[in-house]
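The values are calculated or read from the model by the stated rules, or taken from the named source; none is laboratory data. Just so it is clear, the structure is predicted and the values come from calculations on it, not from any experiment. Glycine also receives a Cβ, built like all others from the backbone with ideal geometry; neighbour counts cover every protein chain displayed. Note: areas computed on protein heavy atoms with side chains; ligands, DNA, RNA excluded. Shrake-Rupley method; radii C 1.70, N 1.55, O 1.52, S 1.80 Å.
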Amino acid sequence: MLDRLEELYRQAADDLARITSSEALREWELGTIGRKGEITLMLRQTGQLPPEERAAFGKRANEIKNLLTQAHLEREELIREQELARSMEEGQVDVTLPGRVTPVGRLHPATRTLREIYDIWAEMGFQVYRSRDVETDEMNFELLNIPPHHPARDMWDTFYTTTPGVILRTHTSPGQVHAMREYGAGGTKPIRVILPGMCYRYEQITARSEVQFNQVEGLAIGPRIRMTDLKGTLTEFARRMFGADRQVRFRASHFPFTEPSAEVDVTCILCQGQGCGVCKHSGWLEIGGCGMVHPAVLRNGGYDPAVWSGFAFGIGPERITMLKHGIEDIRYFWSNDLRFLNQF
Ligand code: DAH
C-alpha cells in the first residue's frame, strides 16, 4: 500500500512538472489531490489498513498530499505568469503607447444661448413650455388673429404639408394659445411661460435668413398686467442677458396678435451705442417683438379680456448669439461645420 502511494506520488510530481497550461493543471488537480483524486482516495482508505500500519501510512499520505498541494500552488503561479506573457506577446499590447483621447462633447452655440435665456426667465418666475413644431393653420394663424386672407400672412413664408391645414410653425406664437388652454384652467389662472423651439419658413437661405431657426416666445397673463410690466420685464431681461448698463428702446410696431405692439432694441453690445458696422451705425440692435396680448387672442385662450390682460414677446436666440460673438452668417448654425462648432 505504501509502495503504491510512493509510486503515485512520483508519478504525480513528474506529471505536474511537465504541465504548461491552466486547463491541464485543473485536470491534474482533479485526478490527484481533488475530492475524488487518487491521493485523496488513498488517504481515505487509511482506516481499512491493519492497525499497526495505519499510523505510518496516514502520516506519509498526509505529507504527500501537502507536498503536492504546495507544488500545485507554485506551478499555478508559474503558469499564470507564462500565460500572461504569452497573451501580451500575441496581443501586441504596447503598454508605453499614449492613451487615445476621448473627444469631449460640447453644447451647440444656439443651445448655450437658449439655456442662458431659460435661466434668466426662470429667475423671474417663467417656466418652459414645450409646444409642437407641426401646427395647424388655425393655431399658427387664425387663433392669433390672422384670418386666411389677411395681408399680415405675407410676413410669414410658410411650409404647407400635403395634409390640408397642417403646416410647420412659422413662429412660436401658437404656443401662447396652447399654454393658455392647458394652464389657464378655463381662463381662471395666471400664466408665466416661455416657449422655446424651432420655427420654419419657406425662405431663400442667405447670410441673414435660414429656413429653420429658434425662437423664444414669452407669455404672462394676469388680472392687472400692463404695458409697464412688459417694458420693465423685458428691460430686466436685456440687462441680465447683455449687461447691467444696457439701454432698452421700444419702437411702435404692428403684430396682429398684440395691441399695442412694439419692437425691442438694446444699445449695441459691440460699440455700446457709439455706432459701428454691426449696428449699422445706429447704436441700436433689435432683439425681438412684443406687445399686449390682443383681446381676440385672450378670448381664444379661454380668458375674458374684460378681466384678464397679458403681455407677450418673441426673441431670436440665433440672432442674439450672432450679435454676441460677431458671427456674420446665420448659415453656420445648421451646416454642421466643425471648424465653426469647435470655436464654442
Ligand atoms: N411671432 C413674431 C414673429 O415671428 C414675433 C413676436 C412679436 C412674438 C410680438 C410675440 C409678440 O409674442 O408679442 O415675427
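Assorted remarks:
- Within segment 212-241, the residues that satisfy the criterion of being farther than 24 Å from VAL177 by Cβ, open to solvent by less than 70 Å² (accessible area, probe 1.4 Å) and touching a residue at least 40 places away in the same chain (Cβ under 8 Å) are ALA238, MET241.
- Within segment 97-118, the only residue that satisfies the criterion of being among the charged types (D, E, K, R), more than 15 Å from the chain's Cα centre (by Cα) and not in a loop (DSSP other than H, G, I, E, B) is GLU116.
- Scanning segment 247-254 turns up one or more residues that are more than 24 Å from MET180 (Cα to Cα), away from the ligand (no atom under 16 Å from the Cβ), open to solvent by 20 Å² or more (accessible area, probe 1.4 Å) and in contact (Cβ under 8 Å) with a residue 24 or more places away in the chain.
- Some residue of segment 173-185 being surrounded by 16 or more Cβ atoms within 10 Å (Cβ to Cβ) and among the β-branched types (Val, Ile, Thr): yes
- Of the residues contained in segment 80-90, none is found to be at pLDDT 90 or above, among the hydroxyl-bearing types (Ser, Thr, Tyr), loosely packed, with under 15 Cβ neighbours inside 10 Å and more than 16 Å from LEU2 (Cα to Cα).
- Residue in segment 257-269 that is within 16 Å of the ligand (Cβ to nearest atom), part of a loop (DSSP other than H, G, I, E, B) and hydroxyl-bearing (Ser, Thr, Tyr) present: no
- Across segment 274-291, the qualifying residues are those that are open to solvent by 30 Å² or more (accessible area, probe 1.4 Å) and not hydrophobic (A, V, I, L, M, F, W, C), and the one among them that is nearest to the chain's Cα centre (by Cα) is GLU286.
- Restricting attention to segment 239-262, the residues being modelled with pLDDT of 95 or more and among the aliphatic types (A, V, I, L, M) number 3.
- Pairing residues of segment 165-178 that are more than 19 Å from VAL297 (Cβ to Cβ) and assigned by TED's automatic domain parsing to the domain that holds PRO256 with residues that are among the basic types (Lys, Arg) and within 13 Å of the ligand (Cβ to nearest atom), at Cβ distances under 7 Å and at least 6 apart in sequence or on separate chains, gives no pairs at all.
- Scanning segment 141-190 for residues that are under 29 Å from the mean Cα position of the chain (by Cα) and within 12 Å of the ligand (Cβ to nearest atom) gives ARG169, THR170, HIS171, THR172, SER173, PRO174, GLY175, GLN176, VAL177, ALA179.
- Those residues of segment 305-330 which are assigned to a helix (DSSP H, G or I) and surrounded by 15 or more Cβ atoms within 10 Å (Cβ to Cβ), in sequence order: PRO317, GLU318, ARG319, ILE320, THR321, MET322, LEU323, LYS324, ILE330
- The set of residues in segment 22-41 that are under 24 Å from GLY58 (Cβ atoms), open to solvent by less than 30 Å² (accessible area, probe 1.4 Å) and not β-branched (Val, Ile, Thr) comprises TRP28, GLY34, GLY37.
- Given (1) open to solvent by 40 Å² or more (accessible area, probe 1.4 Å); (2) more than 16 Å from the ligand (Cβ to nearest atom), index of the condition HIS294 fails: (2)
- Some residue of segment 217-233 being modelled with pLDDT under 95, assigned by TED's automatic domain parsing to the domain that holds ILE117, out of contact with any helix residue (DSSP H, G or I) (no Cβ under 7 Å at 6 or more places or on another chain) and within 12 Å of the ligand (Cβ to nearest atom): no
- Output for segment 1-21, where each listed residue is under 60 Å from the mean Cα position of the chain (by Cα) and either more than 21 Å from SER87 (Cβ to Cβ) or exposed (fewer than 14 other Cβ atoms within 10 Å of the Cβ) (or both): LEU16, ALA17, ARG18, THR20, SER21
- For first residues located in segment 1-19 and at pLDDT 90 or above, partners that are assigned to a loop (DSSP other than H, G, I, E, B) and lie 6+ apart or on another chain with Cβ distances below 6 Å form the pairs ALA12/THR32.
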